[in-house]
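Novice: Quick one: the structure is below, and I'll ask about it shortly.
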Amino acid sequence: MRALALGLTYEVRRLAAGREGDELMADFTEAYVRRALEPRLRGHGTIEVQQSGPSGFTIIHHYTSEWNGRPVSLPIARLRPNGNMLRLYWKRANGRWAPYQSNGHGQFVDSLDSCLKEIDADRWRCFWG
């Protein structure tokens, strides 16, 4: 399965030379993020990936409030490129994005797969509350 994912990643990067390739990469990233995080929701809402900045993106959880029935959009995490890796951010209560720190060893910078695993585990309850 990992070999297939790596092969797809290579193919997507190869096709990402033009404008259509950028859209293809965004679609692939959104599908990959959804596949990794939507099982955690257990049918309670959906995951959306929005472009933020030139090459970063924000993961958003959309759901309907059980309290008043209104739609809610909750930003979960933001990922920004840092060389070939991604830097992970979480949204603080004051509305500002802060770098996520894993085990007090500085900013969390790793692959997309590792970032998604960290968001799903949510050890410090920053992402899902």
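Novice: If you add up the charges near ASP120, with Lys and Arg at +1 and Asp and Glu at -1, over every other residue whose beta carbon is less than 11 angstrom from its beta carbon, what do you get?
Specialist: -1
Novice: Mind ranking ARG70, ARG80, ARG87 by accessible surface for me, highest first, 1.4 Å probe?
Specialist: ARG70, ARG80, ARG87
Novice: Nothing charged except the Cβ atoms of Lys and Arg (+1) and of Asp and Glu (-1): what's the magnitude of the dipole of region 29-92 about its Cα centre? Round to the nearest 20 debye.
Specialist: Approximately 240 debye in magnitude.
Novice: Let me cross-check PHE28: its accessible surface, 1.4 Å probe, with only protein heavy atoms counted, in Å² to the nearest 10?
Specialist: Solvent-accessible area, nearest 10 Å²: 60 Å².
Novice: Working out 0.36 nm times the residue gap between SER111 and SER65, then minus their Cα-Cα distance, what length gain in nm do you get to one decimal?
Specialist: My answer for the length gained is 13.3 nm.
Novice: Near PHE108, within a Cβ-to-Cβ distance under 10 Å, what is the net charge of the other residues, with Lys and Arg +1 and Asp and Glu -1?
Specialist: Counting the neighbours of PHE108, the net charge comes to -1.
Novice: Also: How much net charge surrounds GLY56 when only other residues with a Cβ under 12 Å from its Cβ are counted (Lys, Arg +1; Asp, Glu -1)?
Specialist: +3
Novice: Once you have the Cα-Cα distance between ASP120 and GLU23, take 0.36 nm times their residue separation minus that, and quote the gain in nm to one decimal.
Specialist: Length gained, ASP120 through GLU23: 32.4 nm.
The values are calculated or read from the model by the stated rules, or taken from the named source; none is laboratory data. None of these values were measured; they are calculated from a predicted model. Positions of Cβ are generated from backbone atoms using ideal geometry, with glycine treated the same way; all protein chains shown enter the neighbour counts. Just so you know, the surface numbers come from the protein's heavy atoms only, side chains and all, with ligands and any DNA or RNA stripped out. Shrake-Rupley method; radii C 1.70, N 1.55, O 1.52, S 1.80 Å.
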